[in-house]
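The values are calculated or read from the model by the stated rules, or taken from the named source; none is laboratory data. It should be emphasised that the depicted structure is a prediction, and the values quoted were computed from it without experimental measurement. Neighbour counts run over all protein chains shown; Cβ positions are idealised from the backbone, glycine included.
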Amino acid sequence: MRTLMLLSALFAGLFGSSAAVSVAAPAPKPYHAFCRTMWLFATPCAEISATIVQQIEAFSPMIGCDECQYMLLFATPGAVKAKHTSPDGRQAESITFALKPNLLTGGCRVSALSTSLGFTSRLDDGLNYCNLYNLISASGLTSAPGFMEMTDEWACLGYGPATCRA
């Protein structure tokens, strides 16, 4: 099953995974730190989307997570968009998840992008990666059936040195 999911991801990468990201998430602007990653799950997209939305709402500043200033902007079965703001309000990042069903496995492919909104150093010490990872880790999705992450330093600046809390 894991081999089938990996082959499916590689095949999708060759034939259109960037299209899934570009529909819901514009390309990062020059001189803005960003992280682009892809996750595979053996779970249907509707369930993954609902779990991501629930975690964003759980990390909402209204509920009292001082370090987790996430705000849900919109959610559909195929896309989730949110904003993350630092506790002091100085940094903000746009977060987008594009979800596409994997017809071969019945699972879901999630293309995620976090981009700093302000002019920043392109090296963000993993902030944008952690914005994405903290959401799926806290929601339990990193333990979901078939979970696989695909990213690297080229697609996700600061991925290597990132030390995420969740």
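As a summary of the residue check, Ala50 satisfies the conditions (1) buried (at least 19 other Cβ atoms within 10 Å of the Cβ); (2) out of contact with any helix residue (DSSP H, G or I) (no Cβ under 9 Å at 6 or more places or on another chain); (3) modelled with pLDDT of 95 or more except for the one numbered (1). Within the stretch 95-111, the set of residues being more than 13 Å from the chain's Cα centre (by Cα) and under 20 Å from His32 (Cα atoms) is empty.
Contact map, the stretch 36-58: residues that are under 17 Å from Ser137 (Cβ atoms) paired with residues that are surrounded by 18 or more Cβ atoms within 10 Å (Cβ to Cβ) and basic (Lys, Arg), Cβ distance under 7 Å, separation 6+ or inter-chain. Pairs shown: Met38/Arg109; Leu40/Arg109.
For the stretch 127-165, what are the residues that are part of a loop (DSSP other than H, G, I, E, B), out of contact with any Leu (no Cβ under 7 Å at 6 or more places or on another chain), touching a residue at least 60 places away in the same chain (Cβ under 8 Å) and among the small types (Gly, Ala, Ser)? Working first, answer last.
Step one: filter the stretch 127-165 for residues part of a loop (DSSP other than H, G, I, E, B), giving 140, 144-147, 151-155, 157-165.
From what is left, the residues that are out of contact with any Leu (no Cβ under 7 Å at 6 or more places or on another chain) are 140, 144-145, 151-155, 159-165.
Subset that is touching a residue at least 60 places away in the same chain (Cβ under 8 Å): 140, 144-145, 151, 155, 159, 165.
The answer is Gly140, Ala144, Ala155.
The set of residues in the stretch 82-99 being closer than 18 Å to Cys45 by Cα and either surrounded by fewer than 19 Cβ atoms within 10 Å (Cβ to Cβ) or modelled with pLDDT under 90 (or both) is empty. Of the residues making up the stretch 77-119, just one is out of contact with any helix residue (DSSP H, G or I) (no Cβ under 9 Å at 6 or more places or on another chain), among the charged types (D, E, K, R) and part of a strand (DSSP E or B), namely Lys83.
One line per residue, one yes/no per condition, for (1) in contact with a Ser or Thr (Cβ under 8 Å, 6 or more places away or on another chain); (2) not polar (S, T, N, Q):
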position: Gly89; (1), (2): no, yes
position: Ile95; (1), (2): yes, yes
position: Ser111; (1), (2): yes, no
position: Ser137; (1), (2): no, no
position: Asp152; (1), (2): no, yes
position: Tyr159; (1), (2): yes, yes
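For first residues located in the stretch 80-91 and farther than 17 Å from Ala112 by Cα, partners that are not in a loop (DSSP other than H, G, I, E, B) and lie 6+ apart or on another chain with Cβ distances below 6 Å form the pairs Thr85/Gln69; Thr85/Ala92.
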